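Read the structure below first, then the notes.
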Amino acid sequence: MNMDRIFSVILSFFDDIIPLFLPSKKKGVLTAFLMIAANTTPLLGIILYNWNPFIILFIYWFESAIIGILNIFKMLISGAIQDKKFSPDDFTIALFLSAFFTVHYGMFMFVHGIFLTVLYFIFTDISLIDKVFNDFDLSPLFGGFIPEDSTLSGFIESELFPIAALIGYHLFYFFSSFICTGDYDKNIAQDYMMRPYKRIVIMQMTIMLGAFTLFLTGFRSIAFIIIWIAFKIAADLKLTAGEMRRTENTLKE
């Protein structure tokens, strides 16, 4: 009986994901492909260019920032446009809510960033923490994000590459699922206020689990890193599939 329940839970997890890969769902297939491609770029850097695996935590932090910024645009656009015309009253509400979201989300990102920074130096070189917090020298943290040369290969070898890949994916998803579908005209700013947090909570759980296990494995287990990224991709696919289904249902109404 317990095995039946476990099997049922596993199947229910993939209920939303499987339709993304159906040939009839071209947008879903492309979305899933770009998501997987963007999320695997850090793994390639670790394997091919010997990046510190801990850098994945900062890459996911940047992704959280990208999601928050795009959500502000969603709130402003959905508030500004109602019934295919500009709505001054709804836009005023959207301005207030987006400002509140910016402060609230920004505080969350700031605290999370400080936590990751301290965690990074505890696990790597604690002596550098004074250089960052007292001298405001961020090179020990983000030096790898600056390409060593201005060539394409230099960009790909830098840790900026996965950030750019994630930005590209999220911009594609923003335009394909929000702008091109007209989803903004079916919702108001309040509808988007809390949407990023579900994704962010799951992402942070993934980050914390990953950081702890990276520490236990001595930052050397490629097998774990693959499993970690696969888990994160699966969670992203699940949430994105749910969002796309909700958008389709909204547009049918």
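Points worth noting:
- Residue in region 59-72 that is among the acidic types (Asp, Glu) and touching a strand residue (DSSP E or B) at 6+ places or on another chain (Cβ under 6 Å) present: no
- Only one entry in Phe86, Phe100 is surrounded by fewer than 19 Cβ atoms within 10 Å (Cβ to Cβ), over 23 Å from Ile233 (Cα atoms) and in contact with a helix residue (DSSP H, G or I) (Cβ under 9 Å, 6 or more places away or on another chain), namely Phe86.
- Top-ranked residue in region 183-195 [being out of contact with any Phe, Trp or Tyr (no Cβ under 7 Å at 6 or more places or on another chain) and assigned to a helix (DSSP H, G or I); ranked as nearest to Asp236 (Cα to Cα)]: Arg195
- Matching residues, region 21-38, being surrounded by 14 or more Cβ atoms within 10 Å (Cβ to Cβ), in a helix (DSSP H, G or I) and either touching an Asp or Glu at 6+ places or on another chain (Cβ under 8 Å) or at pLDDT below 85 (or both): Lys27, Gly28, Val29, Met35
- Within region 71-80, being buried (at least 19 other Cβ atoms within 10 Å of the Cβ) and either touching a residue at least 40 places away in the same chain (Cβ under 8 Å) or hydroxyl-bearing (Ser, Thr, Tyr) (or both) holds for Asn71, Lys74, Met75, Ile77, Ser78, Gly79.
- Elements of type helices (runs of 4 or more DSSP H) in region 88-182, at least 3 residues being of a type in the set (Ser, Thr, Tyr), closer than 22 Å to Arg199 by Cβ and at pLDDT 80 or above: 88-123
- Checked against the criteria, Trp51 does not count as at pLDDT below 90 and assigned to a helix (DSSP H, G or I).
- Picking from residues in region 39-70 that are among the polar types (S, T, N, Q) and under 13 Å from Ala165 (Cβ atoms), the one that is surrounded by the most Cβ atoms within 10 Å (Cβ to Cβ) is Asn39.
The values are calculated or read from the model by the stated rules, or taken from the named source; none is laboratory data. What you see is a predicted model; the values in this text were computed from it and never measured. Cβ sites come from the backbone with ideal geometry, for glycine too, and all protein chains shown count toward neighbours.
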